[in-house]
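The structure appears below as structure tokens.
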Amino acid sequence: MTRVNRAELLQSLQMVQPGISVRDIVEQSSCFVFKDGEIFTYNDEIACRMKSPLEELTGAVQAIPLITILSKLPEDEVTILYENSELLVRGKKRRAGIRMEVDITLPIDSAEKPGDEWKPLHEDFLDAIRMVQDCAGKDESKFALTCVHVHPKWVEACDNFQLTRYRMKTGISESCLIRKDSLKHIVVLDMQEFNETKNWIHFRAQSGMVLSCRRYIEEYPNLKPIFDFSGLPTQLPK
């Protein structure tokens, strides 16, 4: 039995929610997984982890019902306990239960763990992602164009109708593709640092929360000829 601040628990769960899949793409990918004092989510493209306010809890709980219950309770503090295969959430006058699986089958280890060497993100990196992501496409038959291209000297995206390139020293060691639907979360979560492993790029917020995006080492269309144009200087109206 653990008594926790409801708002803090809810905030922690919402921060790792990008790793949740409504459909079980992988087993327990629609769940919050509590293990070893941390909360995990994983949906094959995104993996999230952060310190858990429920340090002693171990198991997997459906994400949407738990978020819904905590959002509706008015109390500042709630009691959380596991009893008869259920995670019980108790307020002063209300009580709700959600089935909890003690056996954890979520393949958390499929996402590589970040190393110890974290690098600060360029001060313009989040702005760059915010600007270019909307130019990535939705046509899955053109996989590269559904991604943001992160290059050591720029980030860019194109859907064959529009394109944006933001020039900057990203600090990334090797050019790669990251799905725009994965990368968009780092802007909202205000990530500060990054870490590279073979198949993933990891981003860390000041809170210690880590969001990892699967990266693809595939060829991206050469957009240089489109940018090679000449024209006259002009000034946009204020």
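The values are calculated or read from the model by the stated rules, or taken from the named source; none is laboratory data. None of the values given here were measured: they were computed from a predicted structure. Cβ coordinates were reconstructed from backbone atoms using ideal geometry, including for glycine residues, and neighbour counts include every protein chain displayed. Side chains included, ligands, DNA and RNA excluded: accessible areas come from the protein's heavy atoms. Shrake-Rupley method; radii C 1.70, N 1.55, O 1.52, S 1.80 Å.
Which residue, of Val148, Val132, Val188, Val155, is among the hydrophobic types (A, V, I, L, M, F, W, C) and modelled with pLDDT under 95?
Only one candidate qualifies: Val188.
Would you pick out the residues in segment 14-60 that are touching a residue at least 60 places away in the same chain (Cβ under 8 Å) and among the small types (Gly, Ala, Ser)?
Passing the criteria: Gly19, Ser29, Ala47.
Residues that are assigned to a strand (DSSP E or B), open to solvent by less than 60 Å² (accessible area, probe 1.4 Å) and over 23 Å from Pro114 (Cβ atoms): does segment 5-17 have at least one?
Yes, there is a match, as at least one residue in segment 5-17 is assigned to a strand (DSSP E or B), open to solvent by less than 60 Å² (accessible area, probe 1.4 Å) and over 23 Å from Pro114 (Cβ atoms).
Determine whether segment 206-229 contains at least one residue that is under 27 Å from Tyr42 (Cα atoms), open to solvent by 10 Å² or more (accessible area, probe 1.4 Å), in contact with a helix residue (DSSP H, G or I) (Cβ under 6 Å, 6 or more places away or on another chain) and among the hydroxyl-bearing types (Ser, Thr, Tyr).
Scanning segment 206-229, I find at least one residue that is under 27 Å from Tyr42 (Cα atoms), open to solvent by 10 Å² or more (accessible area, probe 1.4 Å), in contact with a helix residue (DSSP H, G or I) (Cβ under 6 Å, 6 or more places away or on another chain) and among the hydroxyl-bearing types (Ser, Thr, Tyr), so the answer is yes.
Determine which member of the set Lys238, Lys224, Lys180, Lys153 is under 20 Å from the mean Cα position of the chain (by Cα) and among the charged types (D, E, K, R).
Only one candidate qualifies: Lys180.
If you go through segment 93-110, how many residues are within 24 Å of Ile217 (Cβ to Cβ) and surrounded by fewer than 15 Cβ atoms within 10 Å (Cβ to Cβ)? Don't jump to the end; show me each part of the working.
Applying the first criterion (within 24 Å of Ile217 (Cβ to Cβ)) to segment 93-110 yields 107-110.
From what is left, the residues that are surrounded by fewer than 15 Cβ atoms within 10 Å (Cβ to Cβ) are 107, 109-110.
Adding up the residues that qualify gives 3.
Having 1 or more residues that are basic (Lys, Arg) is the bar; report the strands (runs of 3 or more DSSP E) wholly within segment 24-130 that clear it.
Working: elements: 31-35, 38-42, 46-51, 59-62, 77-83, 86-90, 95-101.
Here the list reads 31-35, 46-51, 86-90, 95-101.
Quick check on segment 172-194. Is at least one of its residues closer than 27 Å to Ile39 by Cα, without any contact (Cβ under 8 Å) to a residue 40 or more places away in the chain and open to solvent by 30 Å² or more (accessible area, probe 1.4 Å)?
Yes, segment 172-194 has at least one match.
Just the residues that are open to solvent by less than 20 Å² (accessible area, probe 1.4 Å) and either farther than 26 Å from Phe40 by Cα or of a type in the set (Asp, Glu) (or both), please, taken from segment 111-143.
Listed by number, the residues that qualify are Ala128, Val132, Cys135, Ala136, Gly137.
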